[in-house]
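Read-outs: derived from the displayed coordinates by stated rules, not from any lab. Predicted model, so just to flag it, every value in this text is computed and none were measured. We place every Cβ from the backbone using ideal geometry, glycine too, and count neighbours over all the protein chains shown.
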Amino acid sequence: MDAARVAMSRIPGFFQGTEMPDGWWQALWPEPAKVLAAVGLTRGSDAIDLCCGDGWFTLPMAQAARHVFAIDIDGKMLERASWRLAEHGVTHCDFVEGDAHDVARLVPRPVDFVLMANAFHGVPEPARLARAVAAALKPGGTFAVVNWHRRRREDTPVLGEPRGPASEMRMTPEATAAAVERAGLRLRAVVELQPYHYGAVFEKPVADRARSTTP
């Protein structure tokens, strides 16, 4: 681990191994809008890009959603994300600096869709994070976790170099589901996201709607 990764890992709320890549993100995700559609983002949704980084997924999310909340612990990354959206004339996005565990407190209302891309593997208490996301979702809402498959880092090259988190940090779809379902969310689907990722798509039970409206 280089000095920059060590320094970032010491920031409270910064998840291990989730720093924003430099130079190869576009090569890995040339069509982020298709990824979002595959994991359940629908037009007209209120959505959260949790641990949004420099906004690579935030922009296409905002181009489809009614409103987006982009949340990250790193203010510099949020600045880069805001510049990216401003360059495309997108204004219906709020940029919020804060800890992902506080997501329900950081947004003013429940949302339809939460994305967490390339960060869940670094969460030290994944069930706690999933509970926070559940609290931020409307009943019937979707939590999409985009994760690296559990393969050796050497086997996931991008532009000729091994990329992604350390091999031992990577999670199988089953491990991701086990952590998230402890928060009461239900696994709806696991979709393949070529070349090296999967999307685990969870739903907040609609039954929660009835409980929330019962006097």
Specify the angular offset, from 0 to 90 degrees and rounded to the nearest 10, of the alpha carbon long axis of helix 75-87 from the longest principal axis of the alpha carbons in the chain.
80 degrees
If each part is reduced to its alpha-carbon centroid, the stretch 40-107 and the stretch 154-192 end up apart, in Å, by 22 Å
Would you calculate a helix-derived [θ] at 222 nm for the chain, using -39,500 (n - 2.57) for each DSSP H run of n ≥ 4 and dividing by the full residue count, to the nearest 500?
-8500 deg cm²/dmol
So how do Met169, Met116 line up by other beta-carbon neighbours within 10 Å, fewest first?
Met169, Met116
Using the scaling law 2.2 N^0.38 Å as the reference, what is the normalised Cα Rg of the stretch 24-213?
0.97
Taking Thr172, Thr91, Thr142 and counting other beta carbon atoms within 10 angstrom, the fewest-first order is Thr91, Thr172, Thr142
So if each residue of separation counts as 0.36 nm, and I subtract the Cα-Cα distance between Thr42 and Arg188, what length gain in nm does that give?
51.0 nm
In range of the label at Ala33: residues from the stretch 49-68 whose backbone nitrogen is under 14 Å from the point 7 Å along Cα→Cβ
57-65
Between Rg and the Kirkwood Rh of the stretch 103-191, both from Cα atoms, what is the Rg to Rh ratio?
1.02
Listing Lys76, Lys204 by rising number of other beta-carbon atoms within 10 angstrom, fewest first, gives Lys76, Lys204
Mean 1/r over all different Cα pairs, inverted: what Kirkwood radius does the stretch 52-133 give, in Å?
13.0 Å
